[in-house]
Each structure stands twice: as structure tokens, then as C-alpha cells.
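Computed from the coordinates by the stated procedures, all read-outs in this text should not be read as laboratory data. Since the structure is predicted, the reported quantities are computational estimates derived from the model, not experimental observations. We place every Cβ from the backbone using ideal geometry, glycine too, and count neighbours over all the protein chains shown.
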């Protein structure tokens, strides 16, 4: 579960789903996790596939929290565009890693989802 839950694409997918309703990042993560899980099931047996349920609960909970708390606050204060742009920038960095074009430390980009609206609020 740790391997599948620590991926930045899941966190980005949860934020994108909450703010725009787009499921594309979640679909990419689901495909990548399914391919990895097929290998884990061959190595460890069918109980390894049960780790999908905690991942579903984790990212489903993050999506619901973002939908109920973060998205309305950001929309009310005109900060949603900065969150969406930070999500897009980090998604582009994820694509660089997936296609092995460049090695990028993605975990250090995730705070941009919080820092970008704060900077926009301070700038305005």
C-alpha cells in the first residue's frame, strides 16, 4: 500500500478531481497501479490485490476533503486558478519522470499546491 499511496500522481489526481472534476490523472494512476499490481499478484498471490481498497479509501477521502473544504474556499477567494496551474505544472513534471526524459524529485513539488494560492493571496 505504501508503494501505491506515496505516488504524487494520486495526490494530484485527488486535487484535480476536486477542483475541476477531471479524472484523467486518476485514470493514468489507475492504469499504472494495475500494471504494478499484476506483478505483485504473481509474486505474492491474490491477497496483494486487496491493497487497492485502502488506496481507494485514502484518495477518495482526500478528494472528498478537497471538494468540501479546499475547493469552496479557493473559489470564494479567487485562488482556484493558482491551484489548477500548480497541479498542471506538477503533472508535467510527472510526465517527464514517466517518459524517463528527466529525473525530477516530485515530492518537493507537492507543497506548490498549498504555496501557490498563498502567494496569489499575498500578491493580490
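Go through region 38-65 and report how many residues are surrounded by 11 or more Cβ atoms within 10 Å (Cβ to Cβ) and either outside any helix (DSSP H, G or I) or in contact with a helix residue (DSSP H, G or I) (Cβ under 6 Å, 6 or more places away or on another chain) (or both).
9
Looking at region 8-18, can you tell me whether even one residue there is assigned to a helix (DSSP H, G or I) and more than 30 Å from residue 122 (Cα to Cα)?
No, region 8-18 has no match at all.
So which residues in region 1-36 are over 17 Å from residue 98 (Cα atoms), without any contact (Cβ under 8 Å) to a residue 60 or more places away in the chain and over 10 Å from the mean Cα position of the chain (by Cα), if there are any at all?
The answer is 1, 2, 18, 21, 22, 23.
How many of the residues in region 66-97 are touching a residue at least 40 places away in the same chain (Cβ under 8 Å) and either surrounded by 16 or more Cβ atoms within 10 Å (Cβ to Cβ) or in a helix (DSSP H, G or I) (or both)?
Final tally of qualifying residues: 13.
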